[in-house]
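> The following block contains the structure, expressed as structure tokens.
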Amino acid sequence: MTLNPPPSQQTPHSPRQIPNRRVLIVGNYCHDVLIQNGAVVAETLGGAASFISNVLDSSSVSCDLVSKVGCDFRYEVSHAPIVVPEKETTVFEAYFDLGIDGIGHADRVLKRVTACDPIFPSDIPDSRFDFGMAVGVGGEILPETLEKMVEICDVVAVDIQALIRVFDPVDGAVKLVNLKESGFHHILHRIGFLKASSDEALFMDVEQMKQLCCVVVTNGEKGCRIYNKDEETVVPPFLAKQVDPTGAGDSFLGGLVVGLVEGLDVSDASLLGNLFGSITVEHIGQPKFDLMMLQRVKDEVQRRKKQCNLSSSHKSDHEEFHARLSPARFSCFPSADSPLQPKLLVSGHCCESCDL
Ligand SMILES: Nc1ncnc2c1ncn2[C@@H]1O[C@H](COP(=O)(O)OP(=O)(O)O)[C@@H](O)[C@H]1O
Ligand SMILES: O=P([O-])([O-])O[C@@H]1[C@@H](O)[C@H](O)[C@@H](O)[C@H](O)[C@@H]1O
């Protein structure tokens, strides 16, 4: 599958002296508090920006990151955030035993407890980028922020959660509004990719959106599905032992963009997304990717590119690439038991039996 750039991105930009920087990530870091049976079981660095930059850094893809936190921010990160003195860092509580949440996760109810400042257009550098990633978690991406991103980036990938989340004024519970009523609808024809989980996809018209941009719908252990104009592609998952689902969608998007930056087509890049998503659910908080696994992935990506250059008939065949990427072969399952395991552990599923 090849991507048709949106019309706004088909026109060449005015001549530039300075080459593009690679990837711009826009979204706030946050503090995540994981709660089970009324007790805090873990406090971790969160926010889509943190999971995505972890994937990009691990894959040696250079990125700039624009994120805001308060003075209370308590993590050392490789991409320094803007510290807003009078504000607190965004905090999310994730409850793992409250049943179905407002956004449909059977295993997680999210509440935004505090919110740092939005990210304004003036916070974003005036450089040009190959890829922009609009990945807010707590409502920090404004329509004018996304407008600036589509101006300065050749292709923009958007996580729908950055656009459609609203927060209960009393307890901060996350709810979703339809994309049409989100205040971003007028910009959507200018973006390249829209990523949604299967629960979030219920809040948009996929048939309409796939005519405007490439839509990627993730579906947990079942992998993902790509909708691009009239093409639809199912991309199979990888085996995983789920411990904590937090960050899977973010790492997926990181893997997708790594693949695109490396020159893979969208369906092959989505396989990388599935791979990083599957490894993320095996960890609490930020996953540390195994160095040997990362090297194998790099080698396989180069091999795949050569293969696709030699024969266009390979392009739609995922099976070999999928088998060679399979993390089961890299024995990267976590070794230690985690405190969340008894409740959240999902036994591994075989990708061959996927019924997506
Ligand atoms: N239990 C799992 N087993 C294997 N892969 C998973 C699992 N959960 C998530 N993933 C991978 O991570 C991606 C994103 O997960 P998903 O749960 O759909 O997103 P979100 O975290 O936004 O709800 C999936 O498309 C899949 O590739
Ligand atoms: O799990 P996921 O949906 O990919 O993404 C998560 C967000 O939904 C959540 O708001 C945030 O607190 C987590 O750190 C993570 O970014």
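> Taking the conditions exactly as written (at pLDDT 95 or above, within 12 Å of ligand 1 (Cβ to nearest atom) and touching a Ser or Thr at 6+ places or on another chain (Cβ under 9 Å)), does L272 satisfy them or not?
Criteria met by L272.
> Checking the structure you have, find out if any residue of the range 190-201 is within 13 Å of ligand 1 (Cβ to nearest atom), in a loop (DSSP other than H, G, I, E, B), among the small types (G, A, S) and surrounded by 23 or more Cβ atoms within 10 Å (Cβ to Cβ).
no
> Do any residues in the range 215-227 that are away from ligand 2 (no atom under 16 Å from the Cβ) have Cβ atoms under 8 Å from those of residues that are among the polar types (S, T, N, Q), where the two are at least six apart or on different chains, and which pairs are they?
Close Cβ pairs satisfying both conditions: V215/N228; R225/N219; R225/T233; I226/T233; I226/S267; I226/S270.
> Suppose the filter is assigned to a strand (DSSP E or B) and crowded, with 23+ Cβ neighbours inside 10 Å; does D64 pass it?
Judged against the criteria, D64 is not a match.
> Specify the residue that is surrounded by the most Cβ atoms within 10 Å (Cβ to Cβ); the eligible residues are those in the range 41-57 that are touching a strand residue (DSSP E or B) at 6+ places or on another chain (Cβ under 6 Å) and of a type in the set (V, I, T).
Only one residue tops the list, namely I52.
This table checks each residue for (1) modelled with pLDDT under 95; (2) more than 16 Å from ligand 2 (Cβ to nearest atom); (3) in a strand (DSSP E or B).
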| residue | (1), (2), (3) |
| --- | --- |
| K210 | no, yes, no |
| V234 | no, yes, yes |
| A240 | yes, no, no |
| T246 | no, no, no |
| D250 | no, no, no |
| V257 | no, no, no |
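> Within the bounds of the range 120-128, is there any residue that is charged (D, E, K, R) and within 15 Å of ligand 2 (Cβ to nearest atom)?
Among the residues of the range 120-128, not one is charged (D, E, K, R) and within 15 Å of ligand 2 (Cβ to nearest atom), which makes the answer no.
> Might you let me know whether the range 67-79 holds any residue that is more than 17 Å from G27 (Cβ to Cβ), within 12 Å of ligand 2 (Cβ to nearest atom) and either touching an Asp or Glu at 6+ places or on another chain (Cβ under 6 Å) or acidic (D, E) (or both)?
Among the residues of the range 67-79, not one is more than 17 Å from G27 (Cβ to Cβ), within 12 Å of ligand 2 (Cβ to nearest atom) and either touching an Asp or Glu at 6+ places or on another chain (Cβ under 6 Å) or acidic (D, E) (or both), which makes the answer no.
> Looking at V166, is it in a strand (DSSP E or B) and either among the basic types (K, R) or within 12 Å of ligand 2 (Cβ to nearest atom) (or both)?
Here the answer is no, as V166 does not meet what is asked.
> Okay, next question. Closer than 25 Å to G136 by Cβ and surrounded by fewer than 22 Cβ atoms within 10 Å (Cβ to Cβ), is that true of D244?
The answer is no for D244.
> I would also like to ask the following. When you check T246 against the structure, is it within 18 Å of S53 (Cα to Cα), within 9 Å of ligand 1 (Cβ to nearest atom) and in contact with a Ser or Thr (Cβ under 8 Å, 6 or more places away or on another chain), yes or no?
Judged against the criteria, T246 is a match.
> Yes or no: the range 78-86 includes at least one residue that is surrounded by 19 or more Cβ atoms within 10 Å (Cβ to Cβ), at pLDDT below 95 and of a type outside the set (K, R).
No, because not a single residue in the range 78-86 is surrounded by 19 or more Cβ atoms within 10 Å (Cβ to Cβ), at pLDDT below 95 and of a type outside the set (K, R).
> Restricting to the range 67-97, name every residue that is basic (K, R) and in a loop (DSSP other than H, G, I, E, B).
Scanning the range 67-97 gives R74, K87.
> Here is a further query. Do we have V217 as buried (at least 20 other Cβ atoms within 10 Å of the Cβ) and part of a strand (DSSP E or B) here?
When the stated conditions are applied, V217 passes them.
> Same structure again: Being of a type in the set (S, T, N, Q) and either buried (at least 22 other Cβ atoms within 10 Å of the Cβ) or near ligand 1 (Cβ under 9 Å from one of its atoms) (or both): is that true of T233 here?
No: the conditions fail for T233.
> Which ones in the range 114-140 are within 19 Å of V83 (Cβ to Cβ) and among the hydrophobic types (A, V, I, L, M, F, W, C)?
A115, C116, I119, F120, I124, V137
To keep it simple, each residue is scored yes or no on (1) more than 16 Å from ligand 1 (Cβ to nearest atom); (2) at pLDDT below 90; (3) out of contact with any Phe, Trp or Tyr (no Cβ under 8 Å at 6 or more places or on another chain).
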residue	(1), (2), (3)
D290	yes, no, no
V301	yes, no, yes
R304	yes, no, no
S312	yes, yes, yes
D317	yes, yes, yes
R324	yes, yes, yes
A328	no, yes, no
P334	no, yes, yes
C351	no, yes, no
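The values are calculated or read from the model by the stated rules, or taken from the named source; none is laboratory data. Owing to the predicted nature of the structure, the values given are computational and were not obtained by experimental measurement. Ideal geometry is used to build each Cβ from the backbone, glycine not excepted, and the neighbour counts take in all protein chains shown.
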